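The values are calculated or read from the model by the stated rules, or taken from the named source; none is laboratory data. These figures come from a predicted structure and were not determined experimentally. Methodologically, a virtual Cβ is constructed for each residue, glycine included, from the backbone with ideal geometry; neighbour enumeration extends over all protein chains shown. Surface areas here come from the heavy atoms of the whole protein model, side chains and all, with no ligands, DNA or RNA. Shrake-Rupley method; radii C 1.70, N 1.55, O 1.52, S 1.80 Å.
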Amino acid sequence: MKVALDKGQFGPWALVTGASSGIGKEFARQIAASGINVVLVARREALLAELGRAISQEFDVQYRALAMDLSQEGFIAGLADATRDIDIGLVVSNAGTGNPGEFLKLDRQLLQATLRLSTMAHLDITHHFGAKLAKRRRGGIVLAGAMGAENGVPLMANDGAAKAYVHSLGEALHYEFKPLGVCVTVLAAGFTDTAVLGKFGLDPKTMPLKPMSVEQCVSEGLSGLRKNRSKVVPGRLNRIMNALVPAFLARTLEADLLGKALASRPAPAIARAGS
């Protein structure tokens, strides 16, 4: 079920990073369904333009497609310049990547680029656009995290650590920004049915728990934002597991699931940190 957003509070424009596929693409669609114009940011320009045209025709909104690699230092200057003339009331900082594998077998430069994308990009975007939202005294920020990141995620150690930073940043800013009239919500999603699962070697049809649809994940995230919740774990079963399963057991289960998946997948192509 899609969530209607108040254009007066969260419009007239929204910014969505990592918008070319998966959760980011669905955020763009559901936000546009509320009549809010969207700035779409990711590396793949053709996919952004295709999405922009589709939602523009379906929901009668404007769009901007900005092809940027947010793992590159200094990207925020270009993003700030490209959005200087529009009033952005909602920021969805969703760009990220997953590079599963044993920590010592992963390339250090790849780990560093991933860390820049999954921490520094959120920091730069939140600091720049947060100041603008605070000045207008209304609006919202959604930061994409991951369920259980605070516990550590074996075979995704760097990725999980980065998401733990996002969780801490977002929940602290929820407190700081609330008196400024700005909502801040961390979306701590569990396994979601996106193309990233294939990168992990996971098949949604054979996973012990069926992954959540992007539609449900995003709608619960936007519902939490509208209610100004500091953190949303979408999915009732995910919330139960997150609350009741001890951290050591969660690590063991994730290591077993990812370990089996990685062992059975074909040799991957050279990965890069991007969105």
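So is residue 178 open to solvent by 10 Å² or more (accessible area, probe 1.4 Å) and under 30 Å from residue 106 (Cβ atoms) or not?
Against the criterion (open to solvent by 10 Å² or more (accessible area, probe 1.4 Å) and under 30 Å from residue 106 (Cβ atoms)), residue 178 does not qualify.
One line per residue, one yes/no per condition, for (1) farther than 21 Å from residue 126 by Cβ; (2) open to solvent by less than 50 Å² (accessible area, probe 1.4 Å); (3) not in a helix (DSSP H, G or I):
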site	(1), (2), (3)
167	no, yes, no
170	no, yes, no
210	yes, no, yes
215	yes, no, no
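For the stretch 1-76, give me every one of the strands (runs of 3 or more DSSP E) that falls completely inside it and has 1 or more residues that are of a type in the set (D, E, K, R) and surrounded by fewer than 20 Cβ atoms within 10 Å (Cβ to Cβ).
63-67
Identify all residues within the stretch 223-275 that are among the basic types (Lys, Arg), under 20 Å from residue 94 (Cα atoms) and either open to solvent by less than 90 Å² (accessible area, probe 1.4 Å) or at pLDDT 85 or above (or both); write none if there are none.
226, 227, 229, 231
Write out, first by first residue and then by second, each pair whose Cβ atoms fall under 9 Å of each other, whose residues are 6+ apart or on separate chains, and whose first residue, in the stretch 191-202, is assigned to a loop (DSSP other than H, G, I, E, B) while the second is surrounded by fewer than 17 Cβ atoms within 10 Å (Cβ to Cβ) and of a type in the set (Ser, Thr, Tyr).
Final answer for the pair search is 193/213; 201/264.
Based on this model, can you work out whether residue 125 counts as in contact (Cβ under 8 Å) with a residue 60 or more places away in the chain, on the phi < 0 side of the Ramachandran plot, touching a Leu at 6+ places or on another chain (Cβ under 8 Å) and buried (at least 18 other Cβ atoms within 10 Å of the Cβ)?
In short, yes.
For the stretch 181-192, give me each residue that is buried (at least 18 other Cβ atoms within 10 Å of the Cβ) and either of a type in the set (A, V, I, L, M, F, W, C) or over 14 Å from the mean Cα position of the chain (by Cα) (or both).
182, 183, 184, 186, 187, 188, 189, 191
What residue, of 89, 101, is touching a residue at least 60 places away in the same chain (Cβ under 8 Å), within 30 Å of residue 259 (Cβ to Cβ) and of a type in the set (Gly, Ala, Ser)?
101
Output the residues belonging to the stretch 80-127 that are in contact with a helix residue (DSSP H, G or I) (Cβ under 9 Å, 6 or more places away or on another chain), within 22 Å of residue 138 (Cα to Cα) and not hydrophobic (A, V, I, L, M, F, W, C).
83, 87, 89, 93, 94, 122, 124, 126, 127
Condition first: open to solvent by 10 Å² or more (accessible area, probe 1.4 Å) and not in a helix (DSSP H, G or I). Now tell me which residues in the stretch 128-143 satisfy that.
Matches in the stretch 128-143: 137, 138.
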